């Protein structure tokens, strides 16, 4: 058995169904071996999107996303996708081809020190020197990617190693690493302290981050919040932890969040921060929160606790295990008056918009769209104004909300939506992007068509890099610099060129019927919405 | 505040780069760094001296622990440890200062390990503070080259170990 066969065999044993990638000479042995496997391959149109598609797949299927690209530019192109996954703790295994071992370090054609280059964006990386290490390394890579704080792992395989003969293929049943033992169960002493503090608190709030979803703790958190009647807010990555209309949910926090969610955080006397990094976009002044508040920080990664805010009670472990333990304790707090005041805030503080009726109002449109989407649909927001509008107005019912929260990588939505659709072909998957972010991934229309991946695409077209234009509006007194997209391209012709159905919405008058038609069949459609170029997200 | 991190790591290529990269990326200082094998050849010990406030020190330790090539991190302050550094100092001498140089070495417990007609190579193994004293004493002498290993340290012996 060759090294390349062993790689494929390992992926099969890990249950991999799809490999997203782009071949080149250095990864050709692998792509030759995969032909005799049931694993499906998707030829993505640029390597960055291979990682995004694997990310969408991983997030929706709750498994490890896999991509495989060639050496040199193939490997360097995938870095942005890896960094995007790393920032949001998405489990990926990225296989890169590499030049022959004896040439390493001699700067030959398409050689790049990829393990060195990705060091700060991966959970771990391997450069395979001995073909007999392949089974152990792949086993470890999958284990590392999807346990503890999840994240991308890179395996760099020189072409001679892929072509070398293995002595014997034996896939290890378990992983033995003396340096890696993530904490799963929370410390019961700390958990009891949380319960004691909660019993004394008057205005508690749970701030849920993406870690809650990554550890599949949504149900446990909902049950805990419901049993003890504790209000919940979320970060951007935590959207979907609670259904948007749940009476105990009070929206997204942060500088782009709901004013009432931020008010809940500011007035709370106890905050349970769970699976969240306390990063600048969500909590701009962590010192202020800590002043008169009991901060309980739950995270599977000990390094996140105390990084940006010093908690009163640090609690390391998997969110699901911790909430399951917390549910079993009777706390008997009474926070009714606190919840009532939050409800008043929610009613009175919802930002009012005065949209220009000659355009599509993104707020009204996204609300209407998400009401009409299926209960378990996947909504993938890109980056830019479209992301902020999506966060503010998308109504999550029982589905998923995906976006690039940590890295804010434009062009994420279309490839991630493709990955999500392949993970669950029966689910409705809608990618919402702006005309800027659409153009960063529009080459994937070919992939969508070629492999018949029926994702729905909405382009909120405002002819600007809206988020930057808005920043320049406030900060530089409307001196717009390099943000005009020039009303290009003609999306109807683009769609036509790829044989994808095109629809257009110019204002809100026909929104109802157009959205119905857009969502109707399980086919790929591009819906272009004309947005007021001067519209702002605040 | 100076803190010493005694870090046991997997003895593999690239590990030094990963650990050093972590410090620079996260804006942590490295005052000195020394690496060598331990009694187990698959394990190296890195001795890193770093400074920062208590929050930084806690983060350094946590981030080190997060690295999958790091086996164990021990941290201690200088006064809880025995700390030594090796210094090589090559100086120019002449008839008039030769005696002074030799006396200074004797007082400080430094050794002259090599010499030529106009150069001396001085070796000293001591605490970083005492090495600094020696260097201060040689300010008036013409120094050709200096090499320092950085600090090596282990925690003081206790009954509980």
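The values are calculated or read from the model by the stated rules, or taken from the named source; none is laboratory data. Values in this document were obtained by computation on a predicted structure and should not be read as measured data. Virtual Cβ from ideal backbone geometry, glycine too; neighbours counted across all protein chains shown.
Quick notes
- Test result for residue A:42, under 22 Å from residue A:425 (Cβ atoms), outside the structural domain of residue A:426 (by TED's automatic domain parsing) and touching a residue at least 24 places away in the same chain (Cβ under 8 Å): yes
- Condition met for residue A:406 (in contact with a helix residue (DSSP H, G or I) (Cβ under 7 Å, 6 or more places away or on another chain), modelled with pLDDT of 95 or more and surrounded by 24 or more Cβ atoms within 10 Å (Cβ to Cβ)): no
- Extreme residue, farthest from the other protein chains (Cβ to nearest Cβ), among residues of the range A:123-143 that are surrounded by fewer than 18 Cβ atoms within 10 Å (Cβ to Cβ) and farther than 17 Å from residue A:13 by Cβ: A:130
- The residues in the range A:100-119 that are crowded, with 18+ Cβ neighbours inside 10 Å, away from chain B (no Cβ under 13 Å) and either within 21 Å of residue A:152 (Cα to Cα) or in contact with a helix residue (DSSP H, G or I) (Cβ under 6 Å, 6 or more places away or on another chain) (or both) can be counted, and the count is 1.
- Selection status of residue A:496, surrounded by fewer than 22 Cβ atoms within 10 Å (Cβ to Cβ) and part of a helix (DSSP H, G or I): yes
- Here residue A:206 does not fit the description of being in a loop (DSSP other than H, G, I, E, B) and either at pLDDT 95 or above or surrounded by fewer than 23 Cβ atoms within 10 Å (Cβ to Cβ) (or both).
- Qualifying residue in the range A:83-91 (condition: within 14 Å of chain B (Cβ to nearest Cβ), modelled with pLDDT of 95 or more and under 22 Å from residue A:14 (Cβ atoms)): yes
- Qualifying residue in the range A:300-315 (condition: away from chain B (no Cβ under 14 Å), under 21 Å from the mean Cα position of the chain (by Cα) and crowded, with 20+ Cβ neighbours inside 10 Å): no
- Within the range A:283-310, the residues that satisfy the criterion of being more than 17 Å from residue B:56 (Cα to Cα) and free of Cβ contacts under 8 Å to residues at least 60 places away in the same chain are A:283, A:284, A:285, A:288, A:289, A:290, A:291, A:292, A:293, A:295, A:297.
- If the condition is being away from chain A (no Cβ under 14 Å) and free of Cβ contacts under 8 Å to residues at least 60 places away in the same chain, then the range B:47-76 contributes B:48, B:50, B:51.
- Residue in the range A:281-288 that is within 14 Å of chain B (Cβ to nearest Cβ), farther than 25 Å from residue A:213 by Cβ and not in a loop (DSSP other than H, G, I, E, B) present: yes
- Test: residue in the range B:23-30 that is at pLDDT below 95, out of contact with any strand residue (DSSP E or B) (no Cβ under 9 Å at 6 or more places or on another chain) and more than 12 Å from chain A (Cβ to nearest Cβ): yes
- Pairs, first within 14 Å of chain B (Cβ to nearest Cβ) in the range A:166-191, second assigned to a loop (DSSP other than H, G, I, E, B), C-beta under 6 Å, six or more apart: A:179/B:68; A:180/B:68; A:182/A:147; A:182/A:148; A:183/A:317
- Restricting the range B:1-18 to residues that are touching a helix residue (DSSP H, G or I) at 6+ places or on another chain (Cβ under 7 Å) and crowded, with 18+ Cβ neighbours inside 10 Å, the residue that is nearest to the other protein chains (Cβ to nearest Cβ): B:18
- Any hit, the range A:234-243, residues being in contact with a strand residue (DSSP E or B) (Cβ under 9 Å, 6 or more places away or on another chain) and farther than 20 Å from residue A:391 by Cα: no
- Hits in the range B:32-46 - residues which are more than 10 Å from chain A (Cβ to nearest Cβ) and in a strand (DSSP E or B): B:32, B:33, B:34, B:35, B:36, B:37, B:44, B:45, B:46
- Restricting attention to the range A:499-520, the residues that are loosely packed, with under 13 Cβ neighbours inside 10 Å and in contact (Cβ under 8 Å) with a residue 12 or more places away in the chain add up to 3.
- Residues that are surrounded by fewer than 24 Cβ atoms within 10 Å (Cβ to Cβ) and in contact with a strand residue (DSSP E or B) (Cβ under 9 Å, 6 or more places away or on another chain) number at least 2 in the following strands (runs of 3 or more DSSP E) confined to the range A:1-75: A:18-22, A:40-43.
- Top-ranked residue of the range A:316-330 - restricted to ones that are surrounded by 20 or more Cβ atoms within 10 Å (Cβ to Cβ) and more than 25 Å from the chain's Cα centre (by Cα), ranked as farthest from residue A:278 (Cα to Cα): A:325
- Out of B:72, B:92, sole residue that is farther than 17 Å from residue B:30 by Cα, surrounded by fewer than 17 Cβ atoms within 10 Å (Cβ to Cβ) and not assigned by TED's automatic domain parsing to the domain that holds residue B:133: B:72
- Single residue of A:334, A:376 found to be away from every other protein chain (no Cβ under 14 Å), within 26 Å of residue A:85 (Cα to Cα) and assigned to a loop (DSSP other than H, G, I, E, B): A:376
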